[in-house]
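As structure tokens, the structure follows; a few thoughts come after it.
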Amino acid sequence: MNYSNRHLRFGWWALAVYVCLGIVLETMHGFKIGWYLDVGNEVRRLMFTLGHFHGTMLALVNIAAGLTIRGVEGFRLRPSVSFALIGAAILLPGGFLLGGFFTYDGDPGSGVWLVPVGALLMLYGVVGFALGFPPKTGETMSRRKKR
Amino acid sequence: MFKRLHSGLFFWLAALVVVVAVVIVLMDVSQHSSSAASTPTNRPIAAQEGDYVTSNSCRACHPGNYASWHASFHRTMTQVATPATLIPDASNVELSFAGRQYKLERRGGNIFVSDRSLGEKDYGPPRQVVLLTGSHTLQILWNETGQGRTLEQFPFAYIIAEKMWAPVTQTFLMPPETKEAYSIGSWNGACMDCHVTQGLSKFVEGNKWDTMVAEFGIACEACHSEGREHIDANRNPLRRWKLHLTKSDDATIANAKRMKGPESTLVCGQCHSVWAFNGMDTKLDWNQSGGKFRPGKEDLVQRFVVQPNEKDHSAQKDFIRRTEPDFYRNRFWGDGMIRVTGRETNGVQESPCFKGGNFSCISCHEMHPTTTTRVALDSWARSDQLAPKMDSDQACLQCHKEMAARLTSHTHHDAGSAGSRCYNCHMPHTTFGLLHAMRSHQVSSPNVRESLDYGRPNACNLCHLNETLRWTADKLNTWYQQPVPELSDDDKTISAAVQWLVKGDAGQRALLAWGMSWEPAQKISGRDWLYPYLIYSLLDPYAAVRFDAWKSLQTLPGFSDFKFTYTADAEALGAAVKQSYEKWWSEMRPANPNFDPKTALDPEGRFQQDVFGRLRRERDDKPIVLAE
């Protein structure tokens, strides 16, 4: 499995999706769509904004992950970590967006329960990714000392 | 060495950041403590009361409902006076009334009132305007008195639509000799009962009060009860989702939508009714401990809704009758139907619809519309907070579905005409307050007896202004088999509207002066003959009648820009009447006049002096107060 390609491909496609979503949100602003902008739909607006932000950021995180895997020599990525990063990029923004579609006054819809699951996956993915770097070798240590 | 310098610099930078952060925090702390120390002592204050949490706490979870409440005139019923809440024309104003001159001055962020007797050189010491009542029809100002939190009314009110100041006594229907609407302390002892959320009057001694409220204005908890338990319980997200998904009722908060009709109506009726205390002990308890009624209860606990015809609280109602002989006359028609505005619960409770147990205020009105754009909310607030389509027959058809199929056979009017609108016949404009007539909220059917026995204008003659009671009696007999009562010669030959306007009491005259501006009535009754009667009413002894005559005249061709100071002295009123009558006579009267004799005008348009003079002499001049 080429994890680098997988994260890059996922990241760029996700970015494309969230760029489209951004355009949709801008359009709703432009045409002053009450379903999105009315005070009574404040929670929907918040959920969509959070969904858009988290989706975009996690798309970029996946691109960064792909580049890291490709660029760092000896980087060890466990399959579960890769799965977690992609899963988080789906569940976290997806939870916000689903929660925004059907709201209960001050509460988002039930879709928002995906958010904590996504958040845990993201935490696991980020920590797992940080642990995937190779230990400091003698070569790298001596390079630093020279500086 | 560089490394040492580098780490030293880092240390000092970090120390600087810490010092700046500490200074900022200390500034915040001092700001908070100084604002706490500067709690005003010259006016009632909003303070933590029991389990009341204020509307700010509701906002986070109910933004839409908060927005609709915020757009409503309930919120601004009582406001602390600031440049933002005070009407713009309230600075550097000089006004005179009842031998005294008043000056309103803005100093910094505050407005002050000072006064002097007419002819005196110097104004007395300035008193700060501290609270405001109203922002829809009128704005009334309340001043500090130097006696703790006791308030005194500024004797002028601002009529918002007209952008004019008028003596408060002339913004309600009150006898002309009334010089003071509310005495010192009235706000603390009476007005605040309904103009704030959970007020505590707290009488001290003499005329001194130490008043506090949970929130100024009519806020969320006035209708939903205290929010503490609701907020505490709903911090748990699992509880919230359980309620969302099962669509269960939340027992921790009151909601009129979930109540039966009577309880739901009482949520509004705690204020929108003529009510009285059960006794002196409950009044004292109310003043010291606050209201015990909570939305959802079946009665007002320390108080009761005064319904003259019901058997409840007979001892208290007799006591009122003995101690305040005009109490009923100033509020009710002779048959017990409410005749003042703002007390709609009295009407609703006596309506046949109410007996079914499901009918309530929110059958037609809504407090939280779904659409929360600013424009939509503004429109909703200004259209009596009606629910969608409730300004149409749909209000009645939601229950009386069968009527839709036989509308014209029931109404005997064209389907599209005003005569086929349910509320025009069953909720005519027979209540009065705040200078205008409003629809009766006691759903009833028009009949001639109500006019003969109690003087209440019936729906037919409020539209067919030029017709007699005989005409109405005949129509009601033909269409609905109502018996034709015995009628006087006048009732057979003179328009009922003319009789009410000329010989009625001030309340009847005000209803007719207002009613002559009602477009459906003008359309069906003709406009030409209304001029002389409205011009005549500009001289009415009651300011409220003059005001409505003036506003009605402005709806007639040629008088749309008619200027008239309804509060002016008799001489100025006379001059204005003379001028407007001449204008009508020479410019607006039809070229070939032929006025209907039923209007008590001769064919040329002059008053039939014998008839008019007699009606005028028969005028009911018994003093009457129709306070809102």
Checked the stretch B:268-310 against the a/c 1.5 cut and the a/b vs b/c comparison, axes a ≥ b ≥ c from its Cα gyration tensor; verdict oblate
Longest principal axis of chain B (C-alpha) makes with the long axis of helix B:2-37 (C-alpha) an angle, in degrees to the nearest 10, of 40
The farthest towards the positive end of the charge dipole of the stretch B:325-372, of the residues B:364, B:338, B:327, given +1 on Cβ of Lys and Arg and -1 on Cβ of Asp and Glu, is B:327
Residue B:164 and residue B:609 label points (each 7 Å along its Cα→Cβ direction) are spaced in nm at 3.2
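Per DSSP helix of 4 or more residues, -39500 (n - 2.57); summed, then divided by the residues of chain B. What does that give at 222 nm, rounded to the nearest 500?
-10000 deg cm²/dmol
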Using alpha carbon centers only, the stretch B:300-327 is separated from the stretch B:471-486 by a whole-angstrom value of 35
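Using 1/(1 + (r/R0)^6) with R0 = 22 angstrom and r between the beta carbons of residue B:596 and residue B:523, what's the FRET efficiency to the nearest 0.05?
Approximately 0.90, to the nearest 0.05.
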Taking a ≥ b ≥ c as the square roots of the eigenvalues of the Cα gyration tensor, with a/c under 1.5 meaning rounded and otherwise prolate when a/b exceeds b/c and oblate if not, the stretch B:342-420 is oblate
Farthest towards the positive end of the dipole of the protein assembly as shown, among B:512, B:25, B:66 and with Cβ unit charges of +1 on Lys and Arg and -1 on Asp and Glu, lies the Cα of B:25
Counting only residues 5 or more apart in sequence or on a different chain, those whose built amide H sits under 5 Å from that of residue B:431 are B:438, B:440
Computed over chain A: longest principal axis from alpha-carbon atoms vs helix A:3-30 long axis, angle to nearest 10 degrees, is 30
Ranked on Cβ counts within 10 Å of their own Cβ, fewest leading, B:76, B:252 go B:252, B:76
Restricting to Cα pairs under 8 Å and 6 or more apart, the percent relative contact order of chain B works out to 11
Reduced to Cα centres, the span from the stretch B:428-469 to the stretch B:333-375 in Å works out to 18
Final fewest-first order of B:289, B:201 on the 10 Å Cβ neighbour count is B:289, B:201
For the stretch B:366-512, the dipole about the Cα centre with charges only on Cβ (Lys and Arg +1, Asp and Glu -1), to the nearest 20 debye, works out at 260
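Which length gain, in nm to one decimal place, applies between residue B:84 and residue B:233 when the Cα-Cα distance is subtracted from 0.36 nm times their residue separation?
50.0 nm
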Relative contact order as a percentage, chain A, C-alpha pairs under 8 Å and 6+ apart, gives 27
Classified through the alpha carbon gyration tensor (a ≥ b ≥ c as square roots of its eigenvalues; rounded if a/c is under 1.5, else prolate when a/b is larger than b/c, else oblate), the protein assembly as shown comes out prolate
Given unit charges at Cβ for Lys, Arg (+) and Asp, Glu (-), the dipole magnitude of the stretch B:539-628 about its Cα centre in debye, nearest 20, is 80
Treating only Lys and Arg (+1) and Asp and Glu (-1) as charged, each at its beta carbon, one finds that the protein assembly as shown has a dipole about its Cα centre, in Debye to the nearest 20, of 4140
Simple spin-label estimate for residue B:299/residue B:400, 7 Å along Cα→Cβ, in nm, reads 3.2
Straight-line reach check, residue A:32, cutoff 29 Å on alpha carbons, 8 or more apart in-chain or any other chain, hits among lysines -> B:389
Listed with the fewest Cβ neighbours within 10 Å leading, A:80, B:444 appear as A:80, B:444
In this structure, the FRET efficiency calculated for residue B:616 and residue B:415 from their beta-carbon separation, with R0 = 45 Å, to the nearest 0.05, is 0.65
Hits in the stretch B:472-507: amide N under 15 Å from the 7 Å Cα→Cβ extension of residue B:326, namely B:505-507
Set B:297/B:355; B:260/B:292; B:563/B:598; B:475/B:622; B:523/B:551, cut-off 24 Å on Cα-Cα distance; pairs above it are B:563/B:598; B:475/B:622
Taking 0.36 nm per residue of separation between residue B:208 and residue B:284 and subtracting their Cα-Cα distance, the length gained on full extension comes to 25.9 nm
If R0 = 25 Å, then residue B:310 and residue B:384, at their Cβ-Cβ distance, give a FRET efficiency to the nearest 0.05 of 0.40
With 0.36 nm assigned to each residue of separation and the Cα-Cα distance removed, residue B:371 to residue B:12 gains 123.7 nm
So, with points 7 Å from each Cα along the Cβ direction, the residue B:180-residue B:57 label distance in nm works out to 4.0
As straight-line cross-link partners of residue B:247, the qualifying lysines (C-alpha separation under 18 Å, not fewer than 8 residues apart within one chain) are B:257
Percent relative contact order for the stretch B:324-384, counting Cα pairs under 8 Å at least six residues apart, stands at 14
Computed on Cα atoms, the radius of gyration and Dmax of the stretch B:554-628 in angstrom are 15.4, 44
Burial-style ranking of B:608-619, B:134-145, average other-beta-carbon count within 10 Å with highest first, yields B:134-145, B:608-619
Output field shielding_mean for A:32-40 (other chain Cβ, 10 Å radius) holds 5
Rounded to a whole number, the mean other protein chain Cβ count within 10 angstrom for residues of B:57-69 is 4
Computed over chain B: longest principal axis from alpha-carbon atoms vs helix B:280-289 long axis, angle to nearest 10 degrees, is 40
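Readers should treat all values here as calculations from the given coordinates under stated rules, not as data from a laboratory. This one's a predicted model, so the numbers in the text were calculated from it and none came from an experiment. As a convention, Cβ positions derive from the backbone with ideal geometry for all residues, glycine included, and neighbour counts pool all protein chains shown.
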